[in-house]
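Note sheet for the following structure.
The values are calculated or read from the model by the stated rules, or taken from the named source; none is laboratory data. Every value quoted in this text rests on a predicted model; they were computed, and no experiment measured them. For neighbour counting, all protein chains shown are included, and Cβ atoms are generated from backbone atoms with ideal geometry for every residue, glycine included.
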């Protein structure tokens, strides 16, 4: 099925090319997914990841109202991986809903690298909007070179044409009244004479976190005497062999990533065959020693994320419903249980520390 996605995308580009925003019906409302798709296709490197994810889709979707069998799934995976698409507490994307003005500004700011709580919160569909929030988002957008359509209102469903204007990065599209979003500082009446005073020296950088790893992705659990254990996402998460591949050098990973919301699954062996003496074959054998309140540290992309254990439980082997987080960001440790058996599974839940 996933190869069909790649074939479909390839044939579309071969015969029609990437359809520009302006080629759509100008006054037709643009959906939330259409806006994500446009942003992904504008970035060649990001668009290349769509083809990768079409071949390596995880079995479970990132959001409850999307499905991995739909053509938009690899676009959503690519946008989430790049941080453009934030994690959402209720795991609802509303892909076919209209793109409202606040969500559009938040999405475009995230495409330019903004990862503040403001853009994370306002990409989500909210029951109420206000002009103050719109002004704040618009002010940041103008600083990033994003064009504001004339007459933009709070809670406004954007058309293809309006979203196209916001993507132009051309000040000629900017109407005069939108300058109201940009606070102006008056020049002083006279400039000081003589040499300018030297600025104070910058404060020394804070010491590195004691559990910061040099690896891109690693986990430390002091309670279990596990330090700097490498984490790897499987190249092929759709087959048993692919899922087991990362366990030869550490533990595996599925779903979301630290700092992006949603649930982060880290899985590892609790036991193996008697002749298998690999140091990672029994790495999670004592995972049940973790207690509520114990700290777990995960290094991801040069930053340390701290989690606190909130609970643990034994579940049936085929029960995947317990792996879905209901709200916020959650780390889940997952292994076969009891040791030397595969009859059940053991999971440990941990919430991100504030």
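Brief remarks on what is shown
- Of all residues in region 243-274 being at pLDDT below 90 and out of contact with any strand residue (DSSP E or B) (no Cβ under 8 Å at 6 or more places or on another chain), the one that is surrounded by the most Cβ atoms within 10 Å (Cβ to Cβ): 272
- Within region 290-317, the set of residues being part of a strand (DSSP E or B) and within 23 Å of residue 214 (Cα to Cα) comprises 295, 296, 297, 298, 299, 300, 303, 304, 305, 306, 307, 308.
- Close pairs from region 162-174: first in a loop (DSSP other than H, G, I, E, B), partner modelled with pLDDT of 85 or more and surrounded by fewer than 19 Cβ atoms within 10 Å (Cβ to Cβ), Cβ under 6 Å, at least 6 apart: 169/145
- Residues satisfying the criterion are absent from region 287-300 (criterion: at pLDDT below 95 and surrounded by fewer than 17 Cβ atoms within 10 Å (Cβ to Cβ)).
- Meets criteria (out of contact with any strand residue (DSSP E or B) (no Cβ under 7 Å at 6 or more places or on another chain), surrounded by 11 or more Cβ atoms within 10 Å (Cβ to Cβ), touching a residue at least 12 places away in the same chain (Cβ under 8 Å) and not in a strand (DSSP E or B)) for residue 282: yes
- Within region 319-354, the residues that satisfy the criterion of being farther than 22 Å from residue 306 by Cβ and surrounded by 20 or more Cβ atoms within 10 Å (Cβ to Cβ) are 336, 337, 345.
- In region 203-216 there is no residue that is crowded, with 16+ Cβ neighbours inside 10 Å and closer than 27 Å to residue 321 by Cα.
- In region 227-263, the residue that is farthest from the chain's Cα centre (by Cα) out of those that are farther than 11 Å from residue 334 by Cβ and part of a strand (DSSP E or B) is 227.
- Remark: residue 55 matches the filter, which requires a residue to be modelled with pLDDT of 85 or more and within 25 Å of residue 320 (Cβ to Cβ).
- Only one of the numbered conditions (1) crowded, with 16+ Cβ neighbours inside 10 Å; (2) modelled with pLDDT under 90; (3) within 30 Å of residue 257 (Cβ to Cβ) is violated by residue 174, and that is (3).
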